[in-house]
Structure formats: structure tokens, C-alpha cells
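Below is one structure, written out as C-alpha cells, with a few remarks after it.
The values are calculated or read from the model by the stated rules, or taken from the named source; none is laboratory data. Nothing here was measured: the structure is a model prediction, and the numbers come from that model. Backbone-built Cβ (ideal geometry, glycine too); neighbour counts: all protein chains shown. Accessible surface areas use protein heavy atoms only, side chains included; no ligands, DNA or RNA. Shrake-Rupley method; radii C 1.70, N 1.55, O 1.52, S 1.80 Å.
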Amino acid sequence: MTWTDRLVLVIAISGVALLYPWLWDGREGEAETVRIWAGDSEYARYPLDRQRTVEVPGPLGTTVVEIADGGARVVSDPGPRQICVRAGRLDTPGDQALCLPNRVAVEILGVEPRYDTIHY
């Protein structure tokens, strides 16, 4: 490795370190709404800034979704394994809880980020 190779390497690493805070701010968008699916169709959309409890009907029974403090969570589900209940609090855009036996899905939507890492 020659001295010019080392110089190019130092410049490249310094460039990434200097541009990192400006280009990659770590935000994935701001969570705004929760979208609830029942079966193949959208059941409802609610803003995350209002507290409420939503009962969603499904083939096995009722799934209860609680919306509070900028997030949502599945409180109860008639499914046997309780996977969507164990998913916990959803508060980041893209977070999902899937209650597959009851065909209910809860998804957090938000403001789009400045860039899309897939296309960046």
C-alpha cells in the first residue's frame, strides 16, 4: 500500500464521517397513524395522538387494539399463540402486529423520510 493509497483511504473515511450526521439523521419518519386490517380490507385508520380502544371483528372473535401515547398495541386476541399480543408496543413507522388466525393486522404509518435507502 503506497502513501497515496493511504491518503485516498483517509480522505474517504473522513468524508463519510463528516457527511454522516448531515445525510443519515437516523429518523425513519414520524409515526402519525395506525392502520388496522380485517381480512382483505382496511378496517380503519386512526391518528396516534388520541387515546382510544378499537375492537376489530375477525373469524375467531374480537381483537382489541389500544392506541395511546403515540403508539398502538394489541391488548387481546382470540388466536391460540398470542403472537400479535406479544409483539408489544408499535410506535415506529413500519412496525406491524399480525394476528393471522383471526386475520387482523395492525400497522404504524408515518411521514415519509427525506430519502429512501433502497433508492438512495
- Residues of the range 44-59 being closer than 10 Å to Val104 by Cα, assigned to a strand (DSSP E or B) and in contact (Cβ under 8 Å) with a residue 40 or more places away in the chain, which ones? Val56
- Task: Please list, ordered by first then second residue, the pairs with beta carbon atoms under 9 Å, 6 or more apart or interchain, first in the range 95-110 and closer than 10 Å to Ala38 by Cβ and among the hydroxyl-bearing types (Ser, Thr, Tyr), second assigned to a loop (DSSP other than H, G, I, E, B) and open to solvent by 70 Å² or more (accessible area, probe 1.4 Å).
- Result: none
- Note on the structure: Expected single match for farther than 19 Å from Asp91 by Cα and open to solvent by 90 Å² or more (accessible area, probe 1.4 Å) among Asp49, Asp40 is Asp40
- Only unsatisfied item for Ala31, checking (1) open to solvent by 60 Å² or more (accessible area, probe 1.4 Å); (2) within 12 Å of the chain's Cα centre (by Cα); (3) among the aliphatic types (A, V, I, L, M), is (1)
- Message: Looking at the range 52-99 only, could you name the residues that are basic (Lys, Arg) and surrounded by fewer than 18 Cβ atoms within 10 Å (Cβ to Cβ)?
- Response: Arg52, Arg81, Arg86, Arg89
